[in-house]
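No value in this document is a laboratory result; all are computed from the given coordinates. All figures in this text were calculated on a predicted structure; none of them were measured in a lab. Don't worry about glycine lacking a Cβ; one is built from the backbone with ideal geometry, like all the others, and counts go over all protein chains shown.
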Amino acid sequence: MRHRGVIPALASILMVGFVAGTPGSSLASPRKAQPGNQAKPQTRSIANASKDLDACSLLTGAEIAGLLGEPLDTLHPSVSSAGNLKISHCLFVTRNFAKSASLDVAMPASGDSSGRNLRAFWRNQFHSQRKDKQERLPASHKIPAQSAFSPSRDSQNVDAADNQSESEEGSESGKARAIPALGEEAYWVGSRVAGALYVLQGNRFLRISVGGIPNETTRIAKSKTIANAVLLRLMR
Amino acid sequence: MRLARVLIFLSVAVLLFASMVLGLFRNTSTASAQTTAPPASTISSGSSLAWDFAPVVGGTVTNVGIQDVCPPGMCDDHDLNIVLPSAATFYQTMTAQVTFKYTWNSTLPTDLDIFAISPNGADHGPGSPDNTTTGAGEEDLTLTDPVPGLWHIRSVAATTPMLTAAHVVVTMTVAPRPTTPPPPPPSPGAPTFINYPAPPDCAPNQQPPSCITPSLGSTTSGNHTAGEPSIGVDWTTGKVFIEAGNHTLRVTFNDSVKPASAFWEDQRSPFARLSLDPILFTDDGHFGGTNRTFSSQLNGVTSELSFTDDDANNWLPTQGSGQPAGVDHQTVGGGPYAAPGALAHTYPHAIYYCSQDIVTAFCSRSDDGGVTFGPGIPIYTFTTVNGVNLPVAPGSCGGLHGHVRVSSDGTAYVPNEKCMDANSVSRPGVAVSTDNGLSWVVRTVPDAKSISPGSDPSVAAGANNTIYLGYVNSDGHAKIASSADRGLHWTKSKDAGTPFGVQNAEFAEVIAGDDNRAAFAFLGTQTTGDTQSADFLGVWHLYVAFTYNTGSTWTTVDATPADPVQRGCIWNGGGSNPCRNLLDFNDITVDKTGRVLVGYADGCTGSCVTDTTQNASSGPATAQDQLATIARQVGGRGLFKSLDGTQFGTHTGDDEGGGQLCYGDPATGIIGGPDCNRH
């Protein structure tokens, strides 16, 4: 065994529930969007919503066109199982692909009607501190051995930020950014190229990613608008 | 979570109780290791002994290094003095193994772990199998060539609901060290390489090409901070790029002289201000790319992704502004569109940016050559336990992914060392998209098993879409398999290190050319044992294996036979570790002639090359270097059959080698076999 360290025993026990799900994902055929494509209104509360919820039904073509500034071209629905989560995915492809939007709705898989595991999953991903486990960690945790051939990892003098070390910046990049006043909890997770907005509400959480928007503030704002529209529909 | 709280509460309560109970026994013969001197034994060659560990109880939710702290109640210590006949010289001619057969009995599901802490503090363990059992439990731990001196042997409660004692039988065997098998004689036309290390930074009165002038505003070219380099080549101009840290070094080879000379320039992108997860990708001519080169840094003050269309003379920023949050380990790649392609695209190839956030790994596609990107579409979901990303279910992956590659039919592949197959077994695999990144599915190699911790696998596609996946298997060996149907079925994996007796490998890197030709580079050592341990003393070389028959057979060459790439451990974990100098990966590419180029960080330079006492764990700095280096193929057959016999500047096909293993650099010339310098 190459790995070092005590087995995270209790955590492993807790994870058993997550890995006991049904394998595989299914991809439905792309659907050509109709001009009047209208999401079916949901008439139940989030907690009791249908297990077969289709993420593609949560936004209309008109809404997408209004929100993204591009007419909707096709819908790409799929469903996947992630342990005790069931994820309905929809890619809203606009005429200009770069401006498309991706929506995931994670909901409890069968056997977890209360959504307890889903909320535990959310807490684990967004609230737990990442430990310096003896496993290769994401780059934000890298502290490479200092080379004796150079005074620092890179001490360029282009600007002050050049002198930041990987570990310093890593401590920032490893965090999700809390987005206030959206759902029960919401976080923005992103880089300058791509990002996603995660929103927890009841026993579901959403993942929304929009493309083609250079400014991250605008990207977050668009994502929030989409989230609010989806939440509203889910609450009906 | 209520269950979790109960379990944690019970665990803590039991632990406290156990500590009190053990406290009562401190004056007895079963005193804990931390309150009095632990019991001790001595073992020498050819002997065996046994002892009982005191009962331990409890468990840990997070890795707090219990085996290092060894708190009473959760851990019991026994000191073992390992004696060698002639400590200083013993391992020059002999090898030793100390084996621990560690057993216990339990009435509830229990996992006990055995650890061996070396005299210099290096951890070995836990043993194998590391699992939870009821009834008779066992772990076996083997130390290969242990350093002599006082070791701490520890019985640690991992998941131990009741006080559980353990028993261990220790056996030490010694044997003459087998002589290193001579490498197989290279067949005529076997590939040969010359290594081109980056020259030093220019002093004030120095001029290139014997040195590199740091880019404007930089104090160094970053030549010695080149961990995890990536490499690309412009098929039109032949210029080669190796990027590490936030420097892009451009190398111009002059093949009019023999051996070819190299001119190094620091052509750093001004938008690569901060250095984190540097990635360079050249959309080269293999599948009709424009030779645009991308430079990506995970974080930056302005843009994190920039590109150049003129060999890094000028760089342009791409989409992006704002503060990064929670996104990690990005990769950039590209290639042709799958049919039907995008409705409208202003650049001939799809460019993918893939990364991980806090819940998913995702890919974004650009249709305008990387200027703007579409939404981040999940490629799989993972969960995080103790800071480690794990697959959540069959069809998902954990850990960190490797580098995205695209085949000629437009299929996109993201390799990953830890993907869960339908039977919930963790195996190397690939996330695959056949619809231009709109949807993804995970496919695994059925005869592969994940190693933990490990380095990324690598995938590459031949001209007619056969893919090759190189990886480090759970046994540490360098394996490679191929698939003709986008990963649905795989050939039996081949061990590319076999000709050299490679026992442990790191940093698998694969590139393909013709459909039946591919090259697989990896770092390998003939030394067995735990490569993560500070006292691992393996010597690592860069090996490159070639196939010319779709992976049926592989011809492996040692590209650095007289110059180790690393002495000692190669650390795959996070945080600060002296053996972390090479970081996470190397890279490989092919030029328009079929010549293979490997970009790697050389961790052993200067006096380390010949001084066998140096190692990455203890230094000196020459054994912890990260020098940007390019291994450039100069002989043998390349990856394009149509150019066999022409690609290395002559019409003989193996100009430098004559069938010999050749190595060297522009300064010292090519050395090796007698024919290595014939021109």
Per-pair calculated FRET efficiency, R0 = 25 Å: A:Leu232 and A:Ser128 via Cβ, rounded to 0.05:
0.25
In whole percents, the bins of 10 Å from zero upward hold the Cα-Cα pairs of the stretch B:88-217 as 10, 24, 16, 14, 17, 12, 5, 0
What aspartates and glutamates does B:Lys101 reach when the alpha-carbon gap must be under 12 Å and sequence neighbours fewer than 8 apart in one chain are set aside?
B:Asp52, B:Asp113, B:Glu138, B:Glu139, B:Asp140
If R0 is 22 Å, what FRET efficiency do you get for B:Asp409 and B:Leu343 from their C-beta distance, rounded to 0.05?
0.70
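Using the 10 angstrom Cβ neighbour count as an exposure proxy, how do A:Met235, B:Met420, B:Met94 rank, fewest first?
Details: A:Met235 13, B:Met420 27, B:Met94 16.
Result, fewest neighbours first: A:Met235, B:Met94, B:Met420.
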Here the gain from full extension of B:Thr613 to B:Trp51, 0.36 nm per residue of separation minus their alpha-carbon distance, amounts to 198.8 nm
Arranged by the count of other C-beta atoms within 10 angstrom, fewest first, what order do B:Tyr91, B:Tyr468 take?
B:Tyr91, B:Tyr468
